[in-house]
Amino acid sequence: MRVLVAGATGVIGGQMVPLLSAVGHEVLGLVRPGGDTAALEAAGARVVVADALDRDGLRTAVRQAAPDAVVNMLTAIPAEIDPKHLARDFALTNRLRTEGTKNLIEAAPGARLISQGLAYAYQPGDGLADEDAPLWRTGTPKQFASVLDALVELERLTTRAGGLVLRLGHLYGLGSIYAADGSFVRRVRAGKVPLVGGGNAVFSFTHADDVATAVAAALDKPDVTGVLNIVDDRPAPLREWLPELAAILGAPAPRKAPAALARLAVGSWGVAFMNRLRGADNSRARLRLDWRPRYASVTDGFAAELGGRTTGGMAQAA
């Protein structure tokens, strides 16, 4: 199958392109004009040069490439995000998720479409959210509202085109903020990530490798459409996994910070991010795609990739 990967040079693309090539797909990597193509070519991909926000240029390039499937992993998320200015930092990503997705659909009519969504945009509530649970439309933190609007539009466009949205958790692995040289890990090592409030947010993580294997599985199952949560088996509250990560790194234990005080530094979204996120259930993806995550829990993954130890593991969030 000829597969166009949009976002081929990102954290996910770095794992996906070589895997799809290895399993026999002809991979086309979409790269903006002036982008670095060496890694894609080394991984066996053919480069397609176009800007996803340039409707006419994209259409010309993609129609010449004639893909059978399009994997839409388009984002432009900064390495450092200011939670008080989340809407500003995600403005370009929001455009890629809306205009970019629309342009890809128009450029490759009839192609199988698989898009990247988010599994931590569910309305806060008890237990793990399956794909039928509502998204965070009630009491949405102001800075997150435009991000959610863009995600909703991406899902609408993708599902209307008969495609599949993979709702991903917090991305980790090589090149991510949770990698050994990532911005979040650096801050934990320096003791600069506190436990705000009770640290009650339940995090579902997704390793970059797991996105690649889920996409490979979905390409083999064209009748699977709609939305699926691609997350680890055991989501966990921040109050559990953050101290575990600090222990793995040999870093200071996270200090506690009152929510009211932290709100001055990180805003309402920052406080909500650490206290209100709802974990996601991956049962449907396991069944429909016959897919399994590489690591059952993020601390298994952190321990394996960051070369440390855990302090006894975490219980599954309920």
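Annotations for the structure displayed:
- Sorted largest first, extent of the range 183-285 alpha carbons per principal axis (Å): 49, 29, 20
- Averaging the Cα positions of each part gives two centres, and for the range 186-248 and the range 1-77 these lie 25 Å apart.
- Per-residue ellipticity at 222 nm from helix content only, as computed over the chain with -39500 (n - 2.57) for each DSSP H run of at least four residues, stands at -11500 deg cm²/dmol.
- Cα gyration tensor of the range 96-186 - equivalent ellipsoid semi-axes, whole Å, descending: 24, 20, 13
- Anisotropy class of the range 71-144 from Cα gyration tensor, a/c 1.5 cut: oblate
- Charging the Cβ of each Asp and Glu at -1 and of each Lys and Arg at +1, and nothing else, the dipole of the range 110-233 about its Cα centre rounds to 580 debye.
- Gyration tensor verdict on the range 168-225 (Cα atoms; rounded if a/c is under 1.5, prolate if a/b is larger than b/c, oblate otherwise): oblate
- Residues His207, His85, His25, ranked from the fewest to the most other C-beta atoms within 10 Å, line up as His85, His25, His207.
- R0 of 51 Å, Cβ-Cβ distance Asp220-Arg255: FRET efficiency to nearest 0.05: 0.60
- Estimated FRET transfer efficiency (Ala265, Val152; beta-carbon r; R0 30 Å; 0.05): 0.55
- Considering only alpha-carbon pairs that sit under 8 angstrom and 6 or more positions apart, the relative contact order computed for the chain is 19 percent.
- Packing-based exposure ordering (other Cβ within 10 Å, fewest first) of Ile114, Ile105: Ile105, Ile114
- At most 13 other Cβ within 10 Å, DSSP loop - GluC sites (Glu not before Pro), the range 68-113: Glu80
- Considered as an equivalent ellipsoid built on the Cα gyration tensor, the chain has semi-axes of 32, 21, 19 Å, the largest given first.
- When the Gaussian network model of the chain links Cα atoms closer than 10 Å, the mean-square fluctuations of Val193, Val185, Val23 top out at Val23.
- Debye, to nearest 20: dipole size of the chain, +1 on Lys, Arg Cβ, -1 on Asp, Glu Cβ: 780
- In this structure, Lys142 and Glu99 have a Cβ-Cβ separation that, at R0 = 25 Å, corresponds to a calculated FRET efficiency of about 0.65.
- Antiparallel DSSP beta bridges within the chain, as percent of all bridges there, nearest 5: 10
- Using 0.36 nm per residue and subtracting the Cα-Cα separation, the extra length available between Ala42 and Glu26 on full extension is 4.4 nm.
- The range 135-240 shape via C-alpha gyration tensor axes, a/c threshold 1.5: oblate
- Quarter the surface of the alpha carbon convex hull of the range 1-76 and you get the mean projected area, 4.4 square nanometres.
- Spatial separation of Cα centroids for the range 140-172 and the range 105-131, in angstrom: 5
No value in this document is a laboratory result; all are computed from the given coordinates. Because the structure is predicted, anything quoted here is derived from the model rather than measured. We place every Cβ from the backbone using ideal geometry, glycine too, and count neighbours over all the protein chains shown.
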